[in-house]
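The values are calculated or read from the model by the stated rules, or taken from the named source; none is laboratory data. All figures in this text were calculated on a predicted structure; none of them were measured in a lab. Don't worry about glycine lacking a Cβ; one is built from the backbone with ideal geometry, like all the others, and counts go over all protein chains shown.
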Amino acid sequence: MEKGSIRELVLSRSILKHIRKNRKEVITGAGIGNDYSKLRHTEGNIVIAQGMFSVPSKLHIAEASYIKAMNNLCVSGAKPVGINVGLMLPQSIEEKWVRDTMELVNSLADRDNIQVMGGHTEVSDACIRPLVMITAVGNVSSELDFSYENIEDGCEIVMTKHTGLMGMAVITDKCREKLLERFAVSYIKNAEYISDSMYIKREAEIAAEQGAVYMHDISCGGLYTALCQAVKRADKGFVINHHDVPIMQETIEICEYLDINPYMLEGTGSLIIITKKDLGKPLAEVLNSEGIEAKVIGRITDNKDRSVFNSDDEKLRYLFAPSGDEIYKVCGTV
């Protein structure tokens, strides 16, 4: 395909053709000549969130980007209305990839009863492989506020699901041959990608209903990064019990074999929920009763220390804001 804006014919038949119009809030949607989308104002606030994932694997980068955008929206308590899709493509890309990608994105949007409102597609020699950026838009009641300003000393930290979910899904695909030198196929399968497990919509809804004060999805950089980000703007610290952090045995052993830290591994699919003192355990019980594994892993402190302890109250480490993600140590060249 040629560099620059994608050809109008290709735009029409492989992108716009697959976009459905199914939300009355979208006044101006996807179309040739439309550089923006306009939403009819409703009571409450409009929320915009983005998502992008660039490591190719069995997990399609468009679906991973979609999941990340939707998760980022959910932690605000917003109900999704639509998405914009940005495609940055290398010259070597085939139209079939574009068409298949848009069919996938639209099927996800249909499932969630939202609309692809617009976006941008460009072919550039700056790209060596396709990139997909999803921008999600939703609305939320002005009375629902998950601001960092609500975080205070004594608040409890609840974590859902397991450490390194998306990272393990990608690693078990990209490093499969290496892993099979050490582990049985059945063992690796337990850590493979299951798309439904990557969404946090239901646990975010439950947390909102149970009076959570703040939510932050675990994503790039893993649990440690998410925790540090959660307390940064609140100017607080935390104490985490390492023993309570949920992690699959398969994740521990695979990460040990690859010499990477699972707590700094791409963790999309898990959620950090901060709730008031003594409300963490009841929230975790409600989540578990709904089939969503959840545990209280620590609490917020007024001092700015970011401490990780073991079950014997022995300090294991002090966390500085991590950078990067362990996934690129094993998938950085693909």
Next on the checklist: Take residues that are under 16 Å from ASN71 (Cα atoms) and tell me which of the helices (runs of 4 or more DSSP H) falling wholly in segment 182-285 contain 3 or more.
Outcome noted: 201-209, 222-232
Item to check | Residue in segment 228-275 that is modelled with the lowest pLDDT, counting only those that are among the aliphatic types (A, V, I, L, M), in contact with a strand residue (DSSP E or B) (Cβ under 7 Å, 6 or more places away or on another chain) and over 17 Å from ASN72 (Cβ atoms) | outcome: VAL231
Checklist outcome for this item: Across segment 48-106, the tally of residues that are in a loop (DSSP other than H, G, I, E, B) and aliphatic (A, V, I, L, M) stands at 5
Checklist entry - What residue, of THR172, THR121, is in contact (Cβ under 8 Å) with a residue 60 or more places away in the chain, polar (S, T, N, Q) and assigned to a strand (DSSP E or B)? => result THR121
Checklist outcome for this item: Of the residues in segment 123-162, those that are loosely packed, with under 13 Cβ neighbours inside 10 Å, among the polar types (S, T, N, Q) and modelled with pLDDT of 90 or more number 1
Checklist entry - Does ILE206 fit the bill of being crowded, with 18+ Cβ neighbours inside 10 Å, hydrophobic (A, V, I, L, M, F, W, C) and more than 27 Å from PHE320 (Cα to Cα)? => result yes
Checklist entry - Within segment 158-169, restricting attention to residues that are more than 13 Å from ILE252 (Cα to Cα) and part of a helix (DSSP H, G or I), which residue is farthest from the chain's Cα centre (by Cα)? => result ALA169
